[in-house]
Amino acid sequence: MKIVNTINEVREQVRAWRREGLSVGLVPTMGYLHEGHKSLIDRSVSENDRTVVSVFVNPMQFGPGEDLETYPRDMERDAALCEEAGASLIFHPEPSEMYEKDFSSYVDMETLTGGLCGKTRPIHFRGVCTVVSKLFHIVTPDRAYFGQKDAQQLAVIRHMVNDLNFGIQIVGCPIVREEDGLAKSSRNTYLSPEERKAALILSQSLKEGRRLFDEGERDAKKLQSAITEKIQSEPLAKIDYVEVVDWNTLEPVEKIEGETLIAIAVYIGKTRLIDNVLV
Ligand code: PAF
């Protein structure tokens, strides 16, 4: 497995693979890899001849006061995980490699990005769409792999790929959880032991929502209230949002009829965590 820092090195390597007729999968990440990322790499390795993992903490998707500086980083550990999972190349650029001084072109989306996480993170998806577009142009993969945990991101990227005719298959992969139910996230490392326990309220409240749905509840407001109440029972939790939305449009629904996303964002202390379930 190679680790490269420049766009030219990635291009050269991918061109060489293409000459051999090999297929290429891309797993875009911000590093500090965990079992969730590993499941994406595993899937890519099983579906492509070569897998590229990008490790880049993208400054453009962090708003003022967010955790860009403190976002956890451990390249040595990331490299070991990628190697063990069978990745062929890590692309680990400096911000200056991705964004030249006079950078001024962005990929923005008018739908899907205003609600859910977009409400409190207004520039986030512009940063995500821009960097993912750049990665797609640099790596030119056949397939790219994203986790269902960032459900809005997955929906936005699918929409972008369709709008802009990238011709890349977007593969959404299931949420990977700790044994006790907490969705794996690089940001879980911010939690104190007490907060780590409190964070279980996210998966537990969604489980409650799922149970009510399975028992026949289709009224979105009722599901929303039950989940909200459950989260509020945890003193360390502060709700950012609890939303029941159409999985294609991400617009709120009143009655659950088609594929529906129940998505939550909750502060546990200072750490903002997200989780969701598709029903
Ligand atoms: O999900 C992430 O880690 C990031 O948003 C992504 C897709 C790598 C873009 O920076």
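Here, each number is a calculation from the coordinates, and none is a lab measurement. Note that this is a predicted model, so its numbers are computed, not measured. Note: ideal-geometry Cβ built from the backbone for every residue, glycine included; neighbour counts use all protein chains shown.
So what is Rg over Rh here for the stretch 20-149, counting just Cα atoms and using Kirkwood for Rh? Intermediate results must be reported in sequence, preceding the final value.
Details: Rg = 15.1 Å, Rh = 15.6 Å.
In the stretch 20-149, Rg relative to Rh is 0.97.
DSSP loop (so not H, G, I, E, B), at most 11 other Cβ within 10 Å: list which GluC sites (Glu not before Pro) in the stretch 1-107 pass both filters. Display every interim value, and only then the final one.
On the way: sites: 9, 12, 20, 35, 47, 66, 69, 76, 83, 84, 97, 100; in loops: 20, 66, 69, 100.
Here the sparse-neighbourhood loop sites are 20, 69, 100.
Distance between the C-alpha centers of the stretch 105-122 and the stretch 215-234? Whole Å please.
Computed from Cα coordinates, the inter-centre distance equals 26 Å.
Distance between Cα centroids, the stretch 159-179 to the stretch 33-89: provide it in whole Å.
15 Å
Work out the FRET efficiency for residue 8 and residue 241 from their Cβ-Cβ distance, taking R0 = 35 Å, and round it to the nearest 0.05.
Details: r = 42 Å, r/R0 = 1.20.
The formula returns an efficiency of 0.25 here.
Can you put 96, 185, 133 in order, fewest other beta carbons within 10 Å first?
Values: 96 9, 185 23, 133 18.
Ordered from fewest to most neighbouring Cβ atoms within 10 Å, 96, 185, 133 come out as 96, 133, 185.
Going through the cross-link list 38/207; 149/197; 184/221; 2/101, which pairs have a Cα-Cα distance over 22 Å in this structure? Walk me through the numbers on the way to the answer.
Details: 38/207 24 Å; 149/197 19 Å; 184/221 28 Å; 2/101 28 Å.
From 38/207; 149/197; 184/221; 2/101, over 22 Å: 38/207; 184/221; 2/101.
Per-residue HN-Hα couplings for the stretch 57-74, Karplus 6.51 cos²θ - 1.76 cosθ + 1.60 at θ = phi - 60°, whole Hz, x for Gly and Pro?
Couplings: 7, 7, x, 5, 9, 9, x, x, x, 7, 9, 4, 5, 8, 3, x, 9, 7 Hz.
What GluC sites (Glu not before Pro) in the stretch 215-279 are in a loop by DSSP, with at most 12 other Cβ atoms within 10 Å of the Cβ? Before the final figure, lay out each step's value.
On the way: sites: 215, 217, 229, 243, 254, 257, 259; in loops: 215, 217, 254, 257, 259.
Counting only loop positions with at most 12 other Cβ atoms within 10 Å, the GluC sites (Glu not before Pro) in the stretch 215-279 are 215, 254, 257, 259.
Mind computing the radius of gyration and Dmax over the alpha-carbon atoms of the stretch 105-241? Å is fine for both.
17.4, 49
Report relative contact order for the stretch 17-168 in percent, whole number only (criteria: Cα-Cα under 8 Å, sequence separation at least 6). Kindly include the intermediate steps, with their values, before the conclusion.
Details: 218 pairs, mean separation 45.7, N = 152.
Relative CO of the stretch 17-168 lands at 30 percent.
Just check the stretch 83-149 against the gyration tensor rule for me: Cα atoms, a ≥ b ≥ c as the square roots of the eigenvalues, rounded for a/c under 1.5, and otherwise prolate or oblate depending on whether a/b exceeds b/c. Let's see the in-between values first.
Values: a/c = 2.15, a/b = 1.33, b/c = 1.63.
It comes out oblate by the Cα gyration axes.
How high is the relative contact order of the stretch 174-229? Use alpha-carbon pairs under 8 Å, at least six apart in sequence, and give a whole percent.
On the way: 30 pairs, mean separation 15.1, N = 56.
Relative CO of the stretch 174-229 lands at 27 percent.
So for the chain: antiparallel DSSP bridges make up what percent, rounded to the nearest 5? The partial results should precede the final answer.
Details: 20 of 39 bridges.
For the chain, the DSSP antiparallel bridge percentage is about 50.
With charges set only on the Cβ (+1 for Lys and Arg, -1 for Asp and Glu), what does the dipole of the chain come to about its Cα centre, in debye to the nearest 20?
For the chain, the charge dipole is close to 80 debye.
So, with +1 on the Cβ of K and R and -1 on the Cβ of D and E, and no other charges, what is the size of the charge dipole of the stretch 165-279 about its Cα centre, to the nearest 20 debye? Numbers along the way, then the final one.
Working: 16 positive and 20 negative charges, 78 e Å.
For this selection, approximately 380 debye.
Using Cα pairs under 8 angstrom and six or more residues apart, how large is the relative contact order of the stretch 135-258, in percent? Mind dumping the intermediate values first?
Working: 117 pairs, mean separation 22.9, N = 124.
Relative contact order here is 18 percent.
Per residue, how big is the convex hull around the C-alpha atoms of the chain? Give it to me in cubic angstrom, could you? Kindly include the intermediate steps, with their values, before the conclusion.
Details: hull volume 37.1 nm³, N = 279.
Spread over its residues, the Cα hull of the chain gives 133 Å³ apiece.
Tell me, 22, 261, 81 in order of fewest to most beta-carbon neighbours within 10 Å? Could you put the intermediate results ahead of the total?
Numbers: 22 14, 261 22, 81 18.
Starting with the residue having the fewest Cβ neighbours, the order is 22, 81, 261.
Which order results if 120, 140 are arranged by neighbouring Cβ count within 10 Å, fewest first?
On the way: 120 13, 140 18.
Fewest-to-most Cβ neighbours within 10 Å comes out as 120, 140.
Tell me, what HN-Hα J-couplings in whole Hz come from the Karplus equation 6.51 cos²θ - 1.76 cosθ + 1.60 at θ = phi - 60° for each residue of the stretch 218-231, using x for Gly and Pro?
With coefficients 6.51, -1.76 and 1.60, one gets 10, 7, 4, 4, 5, 5, 4, 5, 4, 5, 4, 4, 4, 5 Hz.
P(r) of the stretch 162-219 in 10 Å steps, Cα pairs, percent per bin?
18, 33, 24, 22, 3
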